[in-house]
Structures are given as structure tokens and as C-alpha cells.
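Let me begin by presenting the structure, written as C-alpha cells, before commenting on it.
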Amino acid sequence: MNNKFAIALAVASGLLAVGCQPTTPNAETNTSPTAANNEGLKIGTLLPLTGDLATIGQQMAAAVPLLVEQVNACGGVNGQNVTLISQDDQTDPVAGTTAMTKLAEVDRVAGVVGSYASSVSGAAIGVAARNQVVLVSPGSTSPVFTERAKKGEFKGYWARTAPPDTYQALALAQLAKEKGFKRVSTVVINNDYGVGFERAFVSAFKKLGGTIVNEASPTRYDPKATTFDTESAAAFANKPDAVVAVLYEETGSLLLKSAYQQGVSQGIQVMLTDGVKSVGFPAKVGKSSDGKFIVSGAIGTVPGADGKALQTLTTLWQAKKNQPPGEYVPHTWDAAALLTLAAEAAKANTGVGVQSKIREVANAPGTEVSDVCEGLKLLKSGQDINYQGASGNVDIDENGDVLGVYDVWTVNDDGKLEVTSQVNPQ
């Protein structure tokens with residue numbers, strides 16, 4: 001079947017399927033233009049509730065209703081409650097495009113928090129920009145977005161609260177050098193996230209004097225694959241000091257398990273990234289014959305959070321969820337906060353309005369605020385604000401990018417993850 005026809009058919013079928021789903025309090029579908037105007041600001045989420053990134057995506061998705069609840073409790077946006085419409089992108093670009101089309105063309109949202117996977121955001125942003133819907137990603141970190149923004153593809157309808165992997169790759173390269181590694185191989189998921197990270201890491205590590213063992217023939221695996229014997233053997237071949245593995249949780253756990261079962265990973269340091277930092281990852285990889293976790297001792301990086309609103313969010317999350325917020329929860333909170341603040345600043349519940357003000361509320365000058373309700377109050381009185389988020393200061397540049405810090409983490413012998421330090425690459 002022709003690929004373009006197949007994708008079009010899949011999108012059309014997805015739209016029909018979405019139309020048949022029952023509504024829920026978080027999936028409003030009253031979509032006439034008049035209703036949209038009367039109902040106030042509508043925002044959506046496009047995050048992976050299922051698929052390869054579901055473990056992290058579910059936590060991210062849980063942050064937005066809490067933000068909306070808080071906003072509505074203090075008067076809403078432009079005098080009306082905010083409506084939230086949630087969609088599962090399934091960690092799949094085709095499903096994500098279908099869901100984004102629904103949010104933009106059926107639900108007529110002004111802004112969307114999403115996606116996490118760079119491949120999904122890369123597919124969805126075209127739909128968002130074409131329909132003048134602002135897409136703010138809390139986790140799509142591929143450098144490709146910076147390149148596309150510089151070409152003018154997004155027309156200001158794109159931003160992200162997590163920094164691009166050009167910075168995380170530098171942080172990981174610096175970590176590898178600090179550990180004394182000179183010969184490193186890479187293995188990555190073959191999508192925008194994996195390949196973008198790989199290229200940035202290779203460049204950064206070579207500038208630091210390191211050698212990429214498999215640079216001439218990089219190891220990349222199919223996101224749809226179910227077996228990884230060939231890729232895992234190739235990644236660990238020629239006994240590098242370390243293997244930088246840029247993976248997603250479900251497929252990545254199978255790849256590392258395969259490497260162990262083939263006996264090729266023994267004595268080689270595994271270095272990981274944000275795509276697998278979840279509490280369940282070590283158990284998914286499994287244990288060795290002596291009962292130890294296979295990935296015990298692995299080290300990695302992940303975008304951290306050091307914003308002025310972090311403590312307040314942590315307290316709220318602990319009270320609501322009985323645990324501290326997980327990876328990318330602060331970035332998701334900030335993405336939703338920026339959408340509401342921008343709409344209030346624009347005095348308009350539209351994507352055009354949000355687009356016109358999102359950088360203004362995120363950056364100086366203006367009164368620094370870390371509480372979204374305080375920010376809304378100041379905006380209502382005609383004052384300018386500079387939102388200081390939970391993830392960081394969220395100063396968004398002309399390409400939609402932010403800078404950030406990175407946590408360095410490891411897998412302990414008991415399978416638990418521990419943050420050991422923090423790095424701010426320059």
C-alpha cells in the first residue's frame with residue numbers, strides 16, 4: 001500500500017474512532033465557535049498515556065489537571081474557567097497527529113501541552129502551526145526543533161520548557177570525560193530524539209578529546225522492533241569503555257537485557273539519558289543470575305528542575321499523590337502555566353493571542369512571579385510579569401528554547417534510582 005495513502009487512512013480512521021469515544025470531564029467536545037468563545041480558554045494535552053513512554057507520560061499528564069484546578073479556583077482566565085481536553089498520543093507519530101488534529105480542528109483549543117516524544121511533537125507541530133494553536137512541549141528535546149524554528153517553520157506556535165539535547169549531550173559528554181572514558185560507543189532509538197542526541201553527543205565528546213568507536217557505523221534501532229540481539233551486540237562490540245544508550249523505556253529494557261544475555265555488556269559502563277529514568281526501568285531490564293539488577297551501576301543524565309516554584313509544586317504533589325513529582329512533571333506544570341498566563345496577558349482565549357504573549361510572560365522585564373494565580377492577578381490589573389517556573393526560569397528564546405540544569409543519576413544495587421549531582425553545561 002502507498003505509504004502516504006496508508007498514513008492518511010490511519011489519520012482519518014483515528015478521527016472517526018475519536019468521534020465515537022464517550023466524553024469525560026477532562027475530554028470536553030462542545031466545539032462550535034460560539035461555544036468556544038462562551039466557554040473561555042480551552043487547552044489540551046497530547047502526552048503518552050500508553051506506548052513506549054507511558055510510565056513517564058502518565059505522570060506528566062497528571063500535572064495539567066492540577067494546574068487547571070488551581071487556576072479555576074482563583075478565578076480562571078479572562079474571567080472564565082479553563083477547559084482541559086486530554087489526548088493519548090500513544091508514543092506514536094501517526095496517533096499523535098490524529099489526536100492533534102482533533103484538538104486543533106474539532107475541539108478548537110488555543111494551546112496544547114505536548115508532546116513528550118520528539119517524534120510525536122515533530123509530526124504534531126505542523127498541524128498546530130497550521131491551525132494557529134500553540135504547542136508547548138515539556139519534554140521533546142531533539143535539536144531538530146531549534147533548526148526548524150530558525151527556518152521559520154513554526155511561526156511562533158512552538159515552545160518547550162525542557163532544554164534541547166544539545167545541552168544534555170554536552171552534560172553527558174562532560175560526565176563521560178570526568179569518569180575517564182576515552183573510547184565510547186552509542187546505541188540510540190532511530191527517531192528525532194535518538195538520532196539528534198547521538199549527533200550532539202558525538203560532536204561534544206570528540207571536542208573533549210574522546211573517540212566514538214562506532215562513529216562510522218552508528219547503532220540505531222527501530223522503535224517498532226521487538227528483538228534487539230543484533231543491535232545490542234553491535235553497540236557493545238570492540239570493548240568500549242562505555243556505551244551511551246539513548247533509549248525509550250519499553251524497547252530499551254529489552255535491548256539491555258539482550259546485551260546481558262549475550263554476555264557482551266560485562267565490564268562496560270552503561271550511560272543512560274532521560275528516556276529511561278523511571279522507577280520501574282531496572283526491574284524491566286531484569287536481574288542477573290546472582291539476583292542483582294542488570295543495570296546496577298548505570299549512570300545517566302536527565303533535565304533537572306531548580307525553579308522558584310518547585311517547592312510549592314512538590315508540596316502540592318506530595319499532598320495529592322503521596323510521592324514527590326517525577327521526571328518532567330515540573331516542566332509540564334510550567335507549560336500549562338505559560339498557556340494560561342499568555343491568554344490572560346493577551347485578553348484573548350485564542351491561539352493567536354497566546355502566541356503573541358507567551359514569550360512576554362516568560363521573560364523579563366516584568367514582575368517576577370512563581371505562583372500562577374499571583375501572575376494572573378497582576379496581568380488582570382494590567383501589569384507585566386516574568387514567570388519563574390518549577391522547572392527553572394523558563395526564559396524562552398526566539399526559537400522556543402530554554403536553558404536548564406541536568407541531574408546526574410545512577411541505579412543502585414537495590415534497583416532504586418538516585419540523583420547524585422547536578423550539572424549546568426555551558
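Convex hull volume of the Cα atoms of region 54-190, normalised per residue: 138 Å³. For region 212-218, putting each phi into the Karplus relation 6.51 cos²θ - 1.76 cosθ + 1.60 with θ = phi - 60° gives couplings of 9, 4, 10, 4, 5, 9, x Hz, in residue order, rounded to whole numbers and with x for Gly and Pro.
Using amide H atoms built in the peptide plane, which far-off residues or other-chain residues are under 5 Å from residue 408 H to H? Result for residue 408 returns 420, 421, 422, 423. In this structure, the amide hydrogen of residue 294, modeled 1.01 Å from its nitrogen in the peptide plane, lies closer than 5 angstrom to those of 286, 287, 288, counting only residues at least 5 positions away or on a different chain. Averaging the Cα positions of each part gives two centres, and for region 77-99 and region 143-165 these lie 20 Å apart. Within straight-line reach of residue 42, meaning a Cα separation under 16 Å, sit the following aspartates and glutamates at least 8 residues removed in sequence or on another chain: 28, 69, 105, 107, 344. The spacing between region 375-426 and region 201-230, judged by their C-alpha centroids, is 28 Å.
Remark: the chain carries 40 Å² of accessible area per residue (probe radius 1.4 Å; ligands, DNA and RNA excluded).
Here the accessible area is traced with a 1.4 Å probe on the protein chains. For region 101-148, carbon and sulfur cover 44 percent of it. Counting protein heavy atoms only, region 35-96 has 48 percent of its accessible area on carbon and sulfur, 1.4 angstrom probe. Pairs over the 23 Å Cα-Cα cut-off, from the set 155/347; 102/308; 150/308; 308/357; 179/206: 102/308; 150/308. Helical content alone sets the calculated 222 nm signal of the chain at -13000 deg cm²/dmol, taking -39,500 (n - 2.57) per DSSP H segment of four or more residues and averaging over every residue. If we count every other residue with Cβ under 11 angstrom of residue 153's Cβ, Lys/Arg +1 and Asp/Glu -1, where does the sum land? Taking every other residue near residue 153 into account, the sum is +4. For residue 131, the shell of other residues with beta-carbons less than 9 Å away shows a net charge of +1, using +1 for Lys and Arg and -1 for Asp and Glu. Net charge of the neighbourhood of residue 374, taken over other residues with C-beta under 14 Å away and scored Lys/Arg +1, Asp/Glu -1, is -1. Dividing the Cα radius of gyration by the Kirkwood radius, what Rg/Rh value follows for the chain? Value, to two decimals: 0.98. Compactness of region 159-285 was expressed as the Cα radius of gyration divided by 2.2 N^0.38 Å, which yields 0.98.
Here region 161-300 has 49 percent of its accessible surface on carbon and sulfur atoms, given a 1.4 Å probe and all protein chains in place.
The values are calculated or read from the model by the stated rules, or taken from the named source; none is laboratory data. Treat the numbers as computed from the prediction; the structure is a model and nothing was measured. So basically every Cβ, Gly included, is an ideal-geometry build from the backbone, and we count neighbours across all protein chains shown. In case anyone asks, the SASA skips ligands and DNA or RNA and just uses the protein heavy atoms, side chains included. Shrake-Rupley method; radii C 1.70, N 1.55, O 1.52, S 1.80 Å.
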